[in-house]
Amino acid sequence: MTAAAEGSPAFGMTRARRNALLQSEPVQGFALISPTFLYALILLVLPILVVVAHSFWTQNYLTIDRTFTLENYRAALTEPIYRDLLWRSLYISLMVSFFTVVLAYPIAYFISFHGGRHKSLWLFLITIPFWTSYLLRVMSWKVILGYNGVLNSGLMGLGVIDEPSTALLYNSSAVIITLTHAWAAFAVLPIFVSLEKVDRTLVEAATDLGDGPIRSFLRVTLPLSAPGIISAALIVMIPTVGDYVTPKLVGGKDGVMIANAIQAQFGKASNWPLGAALSVTTMLIVTLMAGATVVIIRAAQRLAR
């Protein structure tokens, strides 16, 4: 009884202390965590609140006119600035396709007919430029064609010109040169595949019948490789019409293309309907031009026979 009485206060004190600890630990833990948590919460929420407030006060509320109209298409087809940009884009695209095929065909012909067992190596070497960024290749041409670039320095060193020329950069010619280099490999591969399918016995038969190398090429090899030429021309022509980066970097005001105008409508001008009309109009015209190209090449192929 005495022991129990003596142990009772000890038991009560222990229980009180235990309750005090159970009640004080969360308070102390919250007191330690709360400042850090609140500081992190402020750092996360404050920028969001600032952005929301800024957008709320600076937002331009536009009224969308959903009335059906063809006015944007009329503007895309009749406005002189858009018409000129579209024709310039088509011209640049056709020139790039032509020069790319002209440069790619001899390379593909050499690999197919004279590459021997090293054909895979040659094709591998052709794809090496694509290991680098497209922007890097465009900027390289900007350095080559620049006022103090490699080409001007070389021409001055050879005595061809007395001072650097400004006609090499920031015009449509610079855009054509850059795009031709950028898409050359895309033209080599389909032409090579088409040349690989040419039956070599037909070439030998033409030679045995008295045709020289040029005549046998024009009558046998070139017509049989026409599908590869058509594929290469279309592969290059269709994407280059809508190229945006190259005209912006090396074209200048004389090398602006329709894609730059479309980007401006969707960007600073905030005229999305007109931008969409320009895009659709460009796609339709490119489709018609691609079909016309196929028809012309097929007709030339039949005449060559």
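A few notes on this one:
- Förster radius 30 Å - calculated FRET efficiency between F68 and F98 (Cβ-Cβ, nearest 0.05): 0.15
- The mean sequence separation of alpha-carbon pairs under 8 Å and at least six residues apart, normalised by the residue count of segment 72-303, gives a relative contact order of 30 percent.
- Net charge in the neighbourhood of V256 (other residues with Cβ under 9 Å of its Cβ; Lys, Arg +1, Asp, Glu -1) is +2.
- Alpha-carbon centroids, segment 106-122 and segment 189-221: separation in whole Å: 15
- Surrounding net charge for P213, when Lys and Arg each add one and Asp and Glu each subtract one, Cβ distance under 15 Å: 0
- Each residue of segment 160-165 was assigned a 3J(HN,Hα) from its phi angle through the Karplus curve 6.51 cos²θ - 1.76 cosθ + 1.60 (θ = phi - 60°); the sequence is 6, 10, 8, 9, x, 8 Hz, with glycine and proline shown as x.
- Local electrostatic count at S225 - Lys and Arg +1, Asp and Glu -1, tallied over other residues with Cβ under 11 Å: 0
- Peptides 237-248, 267-278, 174-185, 121-132 ranked from most to least packed by the mean count of surrounding Cβ atoms within 10 Å: 174-185, 237-248, 267-278, 121-132.
- Taking a straight line from the alpha carbon of K197, these lysines sit under 19 Å away, with near neighbours fewer than eight places off in the same chain left out: K119.
- Ordered by solvent-accessible area of protein heavy atoms (1.4 Å probe), largest first, the residues I81, I92 come out as I81, I92.
- Here the spin labels are modelled as points 7 Å beyond Cα on the Cα-Cβ line, and at L288 and S165 they lie 3.6 nm apart.
- Listed by chain and number, the lysines whose C-alpha is less than 22 Å from the C-alpha of K248, apart from same-chain residues fewer than 8 away, are K142, K268.
- The phi torsions of segment 240-245, fed into the Karplus equation with coefficients 6.51, -1.76 and 1.60 and a -60° offset, translate into couplings of 5, 4, x, 5, 10, 6 Hz, rounded to whole numbers, with Gly and Pro shown as x.
- M283 accessible area, assembled protein chains, probe 1.4 Å, Å²: 120
- Between A299 and T207, residue separation times 0.36 nm minus the direct Cα-Cα distance comes to 30.6 nm.
- A crude spin-label estimate for the pair L123 and V280, with each label 7 Å from Cα along the Cβ direction, gives 4.1 nm.
- Accessible area per residue was computed with a 1.4 Å probe on protein heavy atoms; Y170 scores about 110 Å².
- Model label sites at L151 and R137, defined 7 Å from Cα along the beta-carbon direction, differ in position by 1.7 nm.
- Using θ = phi - 60° and Karplus 6.51 cos²θ - 1.76 cosθ + 1.60, couplings along segment 265-271 (whole Hz; Gly, Pro as x): 5, 7, x, 5, 6, 6, 10
The values are calculated or read from the model by the stated rules, or taken from the named source; none is laboratory data. As the structure is a computational prediction, the values presented were derived from the model and not from experiment. Please note: Cβ atoms are built from the backbone with ideal geometry, for glycine as well, and neighbour counts cover all protein chains shown. Side chains are part of the model used for accessible areas, which takes the heavy atoms of the whole protein and leaves out ligands, DNA and RNA. Shrake-Rupley method; radii C 1.70, N 1.55, O 1.52, S 1.80 Å.
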